[in-house]
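Below: the structure, in structure tokens.
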Amino acid sequence: MTMSAEVAAAFARAQARTGMEMPTVRFAIDRSDLRRYARACNETLAAYVNGDEAPPTFISSLQTEGMVASQLFEKDLPFASKLHSDDVVELHRPIRAGDILFATGRYCGAEIKNGRNGPMLFQTAEMILRDEAGLPVGRVASTLVSF
Amino acid sequence: MLAGDALPEMRCNITRQDLVRYAGAANDYLPQHWDQAMMQDQGFADVLVHGWLGAAHLARLITSAFTPESWTLNRYSVRYRKPLYPGAICCGGTIIDLQDNGIEIDGWIKNSTGETVTTARFWLVAARS
């Protein structure tokens, strides 16, 4: 694959982040947060609407802070656009009101693919969520594509 | 329901107000979802619906058909194949595998012109009593 020196350098910077971990972030899950999220997703199931239990995608709402996403992903890139490409989620148990959770963000890796209009850089980072006992609650890996 | 069966389709309309509400609830204020001028400069028709908001609607389809009282959605993967703009969407899915203790479902979101913009796979296990 041919890529400009600028793209190659950006790819190298992104790859160098692989394995980088962010400081652990603590969350106190509040019933009102769960209710607000459920409403924003048009949820109708009582357990979600009442804030007893988090809808399955609620884990995403912890990513901005929990992964410290703004620092985890390489941002100095020679691309005009950045989009969300993929998510993979594992939930070991439902997130509930009253949970104290600990999130750790980690940079998983970078990949270059050839798109129709040139190279595309895919960056993947994950957030591991544990409870106070250290038991796993969930994991979410998100991939962003820059092109 | 049996493997191969389609779930009842779910249609809804995602407005800009929905994007604002979701941004607040999900702590996702990326400009792709509110800066129309920036997006049009980059060649997009409009601001984008948060990928996670589409995924949430799709998950809603799944948990409506297989409710948390009986089934736990414990794994899913989502691929955002094309930009999703505010407007009408249709969510659907097909049961890939259905056993007493687990279900696998393929899901999709189509935009207002019928293009598939998002695909997903969901895995559910029987809820513990």
With each label point set 7 Å from Cα along the Cα-Cβ vector, what nm distance links A:Cys108 and B:Met1?
2.6 nm
Simple spin-label model, 7 Å along Cα-to-Cβ: B:Arg81 to B:Arg121 in nm?
1.5 nm
Along the range A:110-117, what does the Karplus equation 6.51 cos²θ - 1.76 cosθ + 1.60 (θ = phi - 60°) give for ³J(HN,Hα), rounded to whole Hz, x for Gly and Pro?
9, 8, 10, 10, 8, x, 4, 10
Please compute the net charge surrounding A:Ile59, taking Lys and Arg as +1 and Asp and Glu as -1 over other residues with Cβ under 10 Å from its Cβ.
-1
Quick one: Karplus J couplings for the range A:17-22, per residue in order, coefficients 6.51, -1.76, 1.60, θ = phi - 60°, nearest Hz, x for Gly and Pro?
7, 3, x, 4, 10, 9
With a cut-off of 8 Å between alpha carbons and a minimum separation of six or more residues, what is the relative contact order of chain A in percent?
30 percent
Average accessible surface area per residue within the range B:13-129, 1.4 Å rolling probe, Å²:
45 Å²
Which angle between 0 and 90 degrees, to the nearest 10, do you get for helix B:16-26 versus the longest principal axis of chain B when only C-alpha atoms count?
60 degrees
For chain B, find the longest principal axis of its Cα atoms and tell me its angle to the long axis of helix B:51-65, 0 to 90°, nearest 10.
30 degrees
Going Cα to Cα from B:Lys82, which lysines come in below 19 Å? Please leave out same-chain ones fewer than 8 positions away.
A:Lys82, A:Lys113, B:Lys110
Considering amide H positions built from the backbone, and no H for Pro or chain starts, which residues 5 or more places from A:Ile95, or on another chain, come under 5 Å of its amide H?
A:Ala54
Assuming R0 = 41 Å, can you tell me the calculated FRET efficiency for the pair A:Thr18 and A:Ala46, based on Cβ-Cβ distance, to the nearest 0.05?
0.45
Taking H as built 1.01 Å from N, whose amide H comes closer than 5 Å to the amide H of A:Asn50, not counting residues under 5 places away?
none
Cβ charges +1 (Lys, Arg) and -1 (Asp, Glu), total dipole of chain A, debye
220 debye
Given contacts defined as C-alpha pairs under 8 Å and at least six residues apart, what's the relative contact order of chain B, whole-number percent?
30 percent
How many angstrom separate the Cα center of the range A:115-147 from the Cα center of the range B:70-119?
19 Å
Amide H of B:Arg81: which non-local residues (sequence gap of 5 or more, or other chain) have their own amide H closer than 5 Å, using H built in the peptide plane?
B:Thr118, B:Thr119
So, with +1 on the Cβ of K and R and -1 on the Cβ of D and E, and no other charges, what is the size of the charge dipole of the range B:3-118 about its Cα centre, to the nearest 20 debye?
240 debye
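The values are calculated or read from the model by the stated rules, or taken from the named source; none is laboratory data. On a predicted model such as this, the values are computed, not experimentally measured, just so you know. Virtual Cβ from ideal backbone geometry, glycine too; neighbours counted across all protein chains shown. For the accessible areas, the whole protein counts, side chains as well, though only heavy atoms, and no ligand, DNA or RNA atoms are used. Shrake-Rupley method; radii C 1.70, N 1.55, O 1.52, S 1.80 Å.
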